[in-house]
1. I'm trying to understand the selection: among the residues of the stretch 127-143, which are surrounded by fewer than 24 Cβ atoms within 10 Å (Cβ to Cβ) and at pLDDT 95 or above?
2. Examine the stretch 65-74 for a residue that is at pLDDT 95 or above and in a loop (DSSP other than H, G, I, E, B), and state whether such a residue exists.
3. Only residues that are free of Cβ contacts under 8 Å to residues at least 24 places away in the same chain and out of contact with any strand residue (DSSP E or B) (no Cβ under 8 Å at 6 or more places or on another chain): list them for the stretch 175-225, please.
4. Which condition does Ala49 not pass, out of (1) in contact with a His (Cβ under 8 Å, 6 or more places away or on another chain); (2) assigned to a helix (DSSP H, G or I); (3) not basic (Lys, Arg), if it passes all the others?
5. Can you pull out every residue in the stretch 145-175 that is in contact with a Leu (Cβ under 8 Å, 6 or more places away or on another chain) and under 26 Å from Asn54 (Cα atoms)?
6. Please specify each residue of the stretch 64-77 satisfying the condition of being touching a strand residue (DSSP E or B) at 6+ places or on another chain (Cβ under 7 Å) and either farther than 15 Å from Pro100 by Cβ or hydroxyl-bearing (Ser, Thr, Tyr) (or both).
7. When you look at Thr201, is it polar (S, T, N, Q), in contact with a helix residue (DSSP H, G or I) (Cβ under 8 Å, 6 or more places away or on another chain) and either in the same structural domain as Gly290 (by TED's automatic domain parsing) or assigned to a loop (DSSP other than H, G, I, E, B) (or both), yes or no?
8. Scan the stretch 273-315 residue by residue and report those that are out of contact with any strand residue (DSSP E or B) (no Cβ under 9 Å at 6 or more places or on another chain), part of a loop (DSSP other than H, G, I, E, B) and either at pLDDT 95 or above or of a type outside the set (A, V, I, L, M) (or both).
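The values are calculated or read from the model by the stated rules, or taken from the named source; none is laboratory data. Here the structure is a predicted model, which is why all the values come from computation and not from measurement. Here the Cβ positions follow ideal geometry from the backbone for every residue, glycine too, while neighbour counts run over all protein chains shown.
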Amino acid sequence: MLSIMNKHVAVMGAAGHTGSFVVAELRRRGVTPISCGRATDLARALRDADAVINCAGPFAATAGPVIECAISAGIPYLDVTAEIEVVTDTFARYAQADIPIVPAAAFYGGLGDLLATAAMNDWSAADHLTIAYALSSWRPTPGTRATGKVSAQRRNGRRVLYAGRRLQFRPGAAPRTEWTFPAPVGTQPVIGEFTMADSATIPTHLDTPEIATYMSANAVDDLTAADPAGPAAVDERGRSAQTFLVEVRARSGGTERRAVASGQDIYAVTAPLVVEAAMRVLGGAGGAAGVASLGARFDAKDFLGSLSPEHLTLG
């Protein structure tokens, strides 16, 4: 890998909650961040950048313009979107781009993609994938609330799920059931068909006809609650007390494989995910032109291992 010393990475939305974690992680890694607000002249800001990380949602409004500026500047583009429609649009519109583009390099999208890739390992296909999220709580940021509203409007209030090898939309309330997570979480009430961005990234490089998704019911209730309070920092790194566990199960025939990751604060863990990706691309690994997810660009087990145990506990 090439040296990444003296690199400069532009961060769109640097002043936001997730953006501030990304800026701090870049500095910790010895990279100079270039803070870009929404009103900044992007072409000028990217002129001296080696890559750009977009943390400014709703991404339905920002992803396209920032990608176009990155293409003009000839630098890699990464984002942390959880907006499924934005991910699918990015793959469709920029497949032939002459720069590396990495959408959803975040907790939602990137982590599940990496875990699914690691779980499947040498399998060329799986009959079924399940992704189950357990969050101790979810106090969404204003950005999360805003992007959620945009996605709901684009879907006309319908739910989205991946079945029959494609994303489908369904009306009505999502099903409620239970899921038994690994210890110490155990059996929890969950919301089924709670589809996140990994159901858009995974099918671009892994062969499976179905992806079932579950989210702990308490987290969904928090997400839809009227309380506008966002995450509250409890440690010196600015992380909230929220904990998470993500379990991916891959099934082929009568065999099942599993990958698990747990940690603290879904917003904070997004920073090492996207920054590690940026560092690898800038260092010469996984930097092929066009659009590709974390699991497609990098060795999933090696990537996850590089974040453990400081940011993730793997099981």
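1. At the first step, the residues of the stretch 127-143 found to be surrounded by fewer than 24 Cβ atoms within 10 Å (Cβ to Cβ) are 127-128, 130, 134-143.
If the condition is that a residue be surrounded by fewer than 24 Cβ atoms within 10 Å (Cβ to Cβ) and at pLDDT 95 or above, then Asp127, His128, Thr130, Ala134, Leu135, Ser136 are the ones that fit.
2. yes
3. Here is the first cut: in the stretch 175-225, the residues free of Cβ contacts under 8 Å to residues at least 24 places away in the same chain are 175, 178, 180, 183-184, 186-187, 192, 221, 224-225.
Once the filter is applied, which keeps residues that are free of Cβ contacts under 8 Å to residues at least 24 places away in the same chain and out of contact with any strand residue (DSSP E or B) (no Cβ under 8 Å at 6 or more places or on another chain), the stretch 175-225 yields Ala183, Pro184, Asp221, Thr224, Ala225.
4. (2)
5. Gly148, Val160, Leu161, Leu167
6. Looking only at the stretch 64-77, we keep the residues that are touching a strand residue (DSSP E or B) at 6+ places or on another chain (Cβ under 7 Å), and these are 66-67, 70, 75-77.
Once the filter is applied, which keeps residues that are touching a strand residue (DSSP E or B) at 6+ places or on another chain (Cβ under 7 Å) and either farther than 15 Å from Pro100 by Cβ or hydroxyl-bearing (Ser, Thr, Tyr) (or both), the stretch 64-77 yields only Tyr77.
7. Working: polar (S, T, N, Q): yes; in contact with a helix residue (DSSP H, G or I) (Cβ under 8 Å, 6 or more places away or on another chain): yes; either in the same structural domain as Gly290 (by TED's automatic domain parsing) or assigned to a loop (DSSP other than H, G, I, E, B) (or both): no.
So Thr201 fails the test.
8. Scanning the stretch 273-315 gives Gly283, Gly284, Phe298, Asp299, Pro309, Glu310.
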